[in-house]
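Let me begin by presenting the structure, written as structure tokens, before commenting on it.
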Amino acid sequence: SDLGIGAAITAHEQSLVLRRYSADADSLAERAMEILGSRQGFNGSPPVTLRLPGRHLTFGGMKDLEDRQRYKGDPKDLIVWDELPDFLEQQYTFVNGWNRSANRLQRCRAIGTGNPPTTPEGLWVIKRWAAWLDPHHAKYGKVKDGELLWYTTINGVDTEVDGPGPHIIPGEPKPVIAKSRTFIRAK
């Protein structure tokens, strides 16, 4: 949790910090203010926000699949998924579609934090980061924590590619730039 909040406070302009349940997201806003040592810029009315000079953090929940619609359209250069295995994969992929910035110099990223999945619905996390987590994956044990792998969607399937690209994908009107992905174990 502190990793995502710290990235939002120090390195991003427009951040969205999510938990599956709104009450849990509110506790993350409280944690942000605890880290800052101030409640200045805090707005506790939904959506819960924290405005700092050059920074805007929005804290929210996404209990149901349809709740993802609340987060479409607004560019966010950081999306933090706290306790990622609690979310549905469709929520994660849909909302990450707005991971962008009008500032071309601003780094854009999504950070997922969490513990191992505790429900079958959370097993998508193992599949998405299989190179680091699934002993049956061809790269398991060969990629290091923090090492970047590159992925794009080909024919509706999340597919590893060789570097950021551009990649020519059959059926796509223009070359595609892949997104990097990594995994870092808590220690």
Practice prompt. May I ask you to list the residues in region 78-100 that are touching a residue at least 60 places away in the same chain (Cβ under 8 Å), crowded, with 20+ Cβ neighbours inside 10 Å and within 15 Å of residue 20 (Cα to Cα)?
Written response: 79, 80, 81, 82, 86, 87, 95
Worksheet item: Going by the conditions given, is residue 107 basic (Lys, Arg) and crowded, with 16+ Cβ neighbours inside 10 Å?
Response: no
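On the given criteria, is residue 158 open to solvent by 50 Å² or more (accessible area, probe 1.4 Å), part of a strand (DSSP E or B) and either in contact with a helix residue (DSSP H, G or I) (Cβ under 9 Å, 6 or more places away or on another chain) or farther than 25 Å from residue 83 by Cα (or both)? First the steps, then the outcome.
Details: open to solvent by 50 Å² or more (accessible area, probe 1.4 Å): yes; part of a strand (DSSP E or B): yes; either in contact with a helix residue (DSSP H, G or I) (Cβ under 9 Å, 6 or more places away or on another chain) or farther than 25 Å from residue 83 by Cα (or both): yes.
So residue 158 fits the description; yes.
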Item to complete: Output the qualifying pairs, or none if there are none: Cβ atoms under 7 angstrom, residues six or more apart or on different chains, first residue in region 170-185 and farther than 30 Å from residue 134 by Cα, second residue in a strand (DSSP E or B).
Response: 175/167
Fill in: Count of residues meeting criterion [open to solvent by less than 70 Å² (accessible area, probe 1.4 Å), of a type in the set (A, V, I, L, M) and in contact with an Asp or Glu (Cβ under 8 Å, 6 or more places away or on another chain)] in region 27-72
2
Discussion item. Checking the structure you have, find out if any residue of region 123-141 is among the charged types (D, E, K, R), assigned to a helix (DSSP H, G or I) and either in contact with a Leu (Cβ under 8 Å, 6 or more places away or on another chain) or touching a residue at least 24 places away in the same chain (Cβ under 8 Å) (or both).
Written reply: yes
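I need the full set of residues from region 60-72 which are within 18 Å of residue 4 (Cβ to Cβ) and assigned to a helix (DSSP H, G or I), in order please.
Residues of region 60-72 that are within 18 Å of residue 4 (Cβ to Cβ), as a first pass: 60-62, 71.
Of everything in region 60-72, just one residue is within 18 Å of residue 4 (Cβ to Cβ) and assigned to a helix (DSSP H, G or I), namely 71.
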Practice prompt. Quick one: residue 150 ticks every box in (1) outside any loop (DSSP other than H, G, I, E, B); (2) in contact with a Leu (Cβ under 7 Å, 6 or more places away or on another chain); (3) within 17 Å of residue 180 (Cβ to Cβ); (4) without any contact (Cβ under 8 Å) to a residue 60 or more places away in the chain except a single one, so which number is it?
Written response: (2)
Worksheet item: How about region 73-105: which of its residues are at pLDDT below 95, small (Gly, Ala, Ser) and in a loop (DSSP other than H, G, I, E, B)?
Response: 73, 102
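The values are calculated or read from the model by the stated rules, or taken from the named source; none is laboratory data. As the structure is a computational prediction, the values presented were derived from the model and not from experiment. Cβ atoms come from the backbone with ideal geometry, glycine included; neighbour counts cover every protein chain shown. For the accessible areas, the whole protein counts, side chains as well, though only heavy atoms, and no ligand, DNA or RNA atoms are used. Shrake-Rupley method; radii C 1.70, N 1.55, O 1.52, S 1.80 Å.
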